[in-house]
1. Amide H to amide H, which residues 5 or more places from B:E195 or on other chains are under 5 Å from it, using H placed in the peptide plane?
2. Treat each spin label as a single point 7 Å out from the Cα along the C-beta direction, and report the B:K661 to B:A627 distance in nm.
3. Compute the FRET efficiency between B:T81 and B:D504 as 1/(1 + (r/R0)^6), taking r as their Cβ-Cβ distance and R0 = 51 Å, and round to the nearest 0.05.
4. Once the whole set of protein chains is in place, how much accessible area is left on A:R68, using a 1.4 Å probe, in Å² to the nearest 10?
5. So if I take the centroid of the Cα atoms in segment B:679-700 and the same for segment B:360-423, what is the distance between those two points in Å?
6. Could you tell me the distance between the Cα centroids of segment B:457-522 and segment B:25-86, to the nearest Å?
7. Hey, can you grab everything whose amide H is under 5 Å from the amide H of B:R54? Only 5+ residues off in sequence or another chain; H modelled, so Pro and N-termini drop out.
8. Leaving ligands, DNA and RNA out of it, rank B:R292, B:R336, B:R434 by accessible area with a 1.4 Å probe, largest first.
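The values are calculated or read from the model by the stated rules, or taken from the named source; none is laboratory data. Note that this is a predicted model, so its numbers are computed, not measured. A quick note on method: Cβ atoms are made from the backbone with ideal geometry, for glycine too, and the neighbour counts reach across all protein chains shown. The protein model used for the area step is the full one, side chains on, heavy atoms only, and it has no ligands, DNA or RNA in it. Shrake-Rupley method; radii C 1.70, N 1.55, O 1.52, S 1.80 Å.
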Amino acid sequence: MTWQHVSAKQLKGAELDPLWETADADRGNNVYEGAITPTTFKISKPPETSNRMKDADLEVGRDSLATRPGGETKKAEGSK
Amino acid sequence: MSKGSIRYAVAGVIAAALAASVAHADAIKQTKAPFEDKFRQLEGEDWPTPTDYRNASGAPGYRYWQQKVDYDVSVRLNEDTKTLTGRETINYRNNSPDSLPYLWLLLEQDAKRNSIAEMTDTVSGDSVSLNEIRRIQRFKEWEGGFTITSVKDSSGRPLKFTVVDTLLRVDLPQSVKANGGETKIVIEWTLPLIENKIVGGRSGYECFTGKDEDGNCIYEAAQWFPRLAVYSDYEGWHNKAFLGSGEFTLEFGDYRVALTVPSDHVVSATGVLQNAAAVLSPAQRDRLTKARTASEPVYVVTPEEAVAAEKGKAKTEKTWIFQASNVRDFGWASSRKFVWDALGVKQEDPKAEHPVVMAMSFFPKEARPLWDAYSTKSIAHTLKVYSDFTFAYPYPVAQSVNGPVGGMEYPMISFNGPRPVKDKKTGKLTYTDRAKYGLIGVVIHEVGHNYFPMIVNSDERQWTWMDEGLNSFLQFQAEKQWDKKFPSRRGEPKNIVEYMVSQDQVPLMTQSDSVIQFGPNGYSKPATALVVLRETVMGRELFDRAFKEYSTRWRFKHPTPYDFFRTMEESSGVDLDWFWRGWFYSTDHVDIALDKIVQGRIDSGDPDAEAAVRKAERAKEPESLTASRNTGKTVVELDPKTRDFYDQTDEFTVFDSARKKAKSSREDLTPEELAAQGFKDNLYRFTFRNIGGLVMPVILKMDFTDGTSETASPPRSGGGIPSR
């Protein structure tokens, strides 16, 4: 399993159970001084939910569930 | 143990929560894959259903009951035959809701006879020790165990009785009525004492009959009278034969014991001496009074008086009378060799029943000067440390007696072994560091047993860890408070590793006689588990409160493991089922590996910057070994006409099209998305592997290039507990 820690600092190495308090049987695999693997994360976006009404190029008005042809998207609604 | 470093209260991490194992043989089964839920709750599945007698929070229930058994005993020690002759009147009060047509008593000294214990004793190795031969020779001429002369009711009518291995069943003409019915029985018996160094056991005599020795003996008596077996709400009669490992499970009661011994003997026993005027000199009684308020141990019987007594052998007898309330057993020791010192120990708890407890030691000259220096002071220290963790010591005296027994506990009295050594040739007196720390450690341990199991009266025949484990944990605490560098044998986590990785072991939740590697299993592992629980899992504040709660709830009662587990969780609010599963129900060991660290950054969305990062990473890789070893020129190098656009650019070259695309996608970003894209911190990802299988908090110290360190660990006090 993998655990994440965020820091502005540059990590040099890490050690499990530094005070010898857990009765860890093999201290040989507790200290990590190997190469730290760099990686770049893209901020993932949630996948768009499937929307059949939109795919059919239809829309509704606020006052009814009846669909009508979509036409141009009116960006104005809801914003100033 | 606790260092001053800042510990971040991150969500604790547990390695490998899911591991392959055999599924439980219960109704609930996951049949689709090898699966073991190491965090599965024990309540409702593995633990017994709570009752009116012991409730779901781990406390005695509202209808909790236990029996009360009072003893009035007279016993005579025949020093020539080394035999006890006794008569006891037992008053049995049946507080259970069941009427009882018969009573079970314990005859544990019968384990030395033709018993299950003797018949199933095995040998190993291909040699025979001198002691083994002496033991075999002794058994040819000596038959240990009780001879029951008579069992009668209170009006003198004989009662039918049957001896079954180390048990005695007495059939009653009429059942003892439920809910408070009482009956009296009178038993007469004889019991030859054991020569401890030959036959072994938890009692017996030792004679100093070697060259240059005074010829006198020390007698330590235990399991010396027929005692009632426990009848409980969860097991009925606790009548499992004594096989030598699972120790004693006994009822509370009041005792009056009259011990008739040679008149020059000094006697130490469970309880308080009732007739000091008849057995002690005025000077000795005066010293005993002074010891009560002294700051250093005071000799009640001086070394000179003891040496003087060794020179004679009284023909007359004296009777020492002791009284003890609310104890589960009675032990005693007698010898003309005894020096006796005493010290009044003030208790810190203002509600203590006995504001001053008399700490007293009894020892022959062969134990001096170690015993003068350390025994009584070790008793005093034990009372202080153990009471801090539990409750005020509820008895008026606490004693340590030197004799043949290496270390054994009884209420208010313990038998302890370590002595200095006298060189046989030169006569030089020395003592080893092992004898010194062994003495302090064993006195702490055996006096400490007053708390577990003499007062918190757990079932030793069934569960060794409940008294030996809890006691060894407190012994470790007391030793470290005696001396930071005390060479403690049990309790330090690193010292348990060898046992934890060994193959021939059983879980702690195993009946005492089935335990293998008895010391590490019954003592060290549970002691270490509690140290880990206190220092690493719960933190001292939560642990100490819960542990005190358990001790107080079950003081003068009979707890089971589930009462302990439930109380520790209910009192602290910390789910510990995973910890009990790992340390008490399994034989897993701790081995967590840190396999890999990844340092992550967030893609900036700037194609030039990202290309530079990728290019720099690629540059760290060595070029093709094959290409680098080829010495001849390549086609591309030799023939300019083969070189084109793709020789002038590479996969890291950024073109305007990419810059335009990046610019337009930036314009589509919300302010929150923009801010996230600008996040510059490193995201370190640590990959752990649980090799040992035991679930444990992962404590991770991170060292940074600027010389600082941070340790991430579960909160030590309060807050949440490790999750997956």
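1. B:Y205
2. Simple spin-label model gives 2.5 nm for this pair.
3. 0.70
4. 110 Å²
5. With segment B:679-700 and segment B:360-423 each reduced to a Cα centre, they are spaced 47 Å.
6. So the separation of the two Cα centres works out to 19 Å.
7. Answer set, sorted by chain and number: B:G61.
8. Details: B:R292 110, B:R336 5, B:R434 200 Å².
These residues rank, largest area first, as B:R434, B:R292, B:R336.
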